[in-house]
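Colleague: Structure below; questions to follow.
The values are calculated or read from the model by the stated rules, or taken from the named source; none is laboratory data. Keep in mind that this is a model prediction, so the values were computed, not measured. As a convention, Cβ positions derive from the backbone with ideal geometry for all residues, glycine included, and neighbour counts pool all protein chains shown.
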There are 2 protein chains.
Amino acid sequence: MGIRHIALFRWATGTTSEQVEAVEAALSRLPELIPQLKNYSFGADVGIGGDTYDFAVVADVASEADYLSYRDHPEHQAALAVIRPLLADRASVQFNIAGP
Amino acid sequence: MGIRHIALFRWATGTTSEQVEAVEAALSRLPELIPQLKNYSFGADVGIGGDTYDFAVVADVASEADYLSYRDHPEHQAALAVIRPLLADRASVQFNIAGP
């Protein structure tokens, strides 16, 4: 039984495309740096839904212990330091999945 | 290039475990009924994060057209009819993924 971690972000008014690109660059490094990440996806909302948040991250790990290792990993914390100043709102859930 | 649809739910105060089980029963039927669903996962928050929503759904489809077919499918709408009366809040994103 694994854990799927989801975080949705809503960017503050005035957040630029360059700032979002910096977020994507920071996140894209994580799978190589954090071995607990079994599957990892993220991206900007594509604009086909109503009243959506702006960005999503999905991280699949093997256990609750691995989720905590990922959460507290210095490289993850460094990415959060890029994200936090841009946040207007955040929504998250961790739930059980069959894999990874 | 596929689409990953994420919806996070926060249940209204007073929502019972039986009502959440009814949601899970309604959602569990959808992969058999909606051929556009390539990967589908959902579940209750496991309680290892701070200030989380209560429940997550992740639906992977092959295209924006398939997302719209899923969204508007009568069986999906029937599941939403179970979910909507329980909602205090909802957050969603659709973003591009390499698969499915």
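Colleague: Would it be correct to say that residue B:97 is within 11 Å of chain A (Cβ to nearest Cβ) and in contact (Cβ under 8 Å) with a residue 24 or more places away in the chain?
Modeller: So residue B:97 passes the test.
Colleague: Say whether the condition of being part of a strand (DSSP E or B), at negative phi and free of Cβ contacts under 8 Å to residues at least 60 places away in the same chain is met by at least one residue in the stretch B:72-88. Spell out the reasoning first.
Modeller: As a first pass, look at the stretch B:72-88 and keep what is part of a strand (DSSP E or B): B:87-88.
With the extra rule that they be at negative phi, the set shrinks to B:87-88.
Imposing the further condition that a residue be free of Cβ contacts under 8 Å to residues at least 60 places away in the same chain reduces the set to none.
No, because not a single residue in the stretch B:72-88 is part of a strand (DSSP E or B), at negative phi and free of Cβ contacts under 8 Å to residues at least 60 places away in the same chain.
Colleague: What residue, of A:51, A:72, A:60, is acidic (Asp, Glu), more than 7 Å from chain B (Cβ to nearest Cβ), more than 16 Å from residue B:7 (Cβ to Cβ) and surrounded by fewer than 20 Cβ atoms within 10 Å (Cβ to Cβ)?
Modeller: A:72
Colleague: Can you pull out every residue in the stretch B:32-46 that is more than 8 Å from chain A (Cβ to nearest Cβ) and not basic (Lys, Arg)?
Modeller: B:32, B:33, B:34, B:35, B:36, B:37, B:39, B:40
Colleague: Inspect the stretch A:51-69 for any residue being modelled with pLDDT under 95 and either touching a helix residue (DSSP H, G or I) at 6+ places or on another chain (Cβ under 7 Å) or closer than 20 Å to residue B:8 by Cβ (or both) and give the result as yes or no.
Modeller: yes
Colleague: Has the stretch A:26-44 got at least one residue that is among the aliphatic types (A, V, I, L, M) and either in a strand (DSSP E or B) or in contact (Cβ under 8 Å) with a residue 60 or more places away in the chain (or both)?
Modeller: Within the stretch A:26-44, one or more residues are among the aliphatic types (A, V, I, L, M) and either in a strand (DSSP E or B) or in contact (Cβ under 8 Å) with a residue 60 or more places away in the chain (or both).
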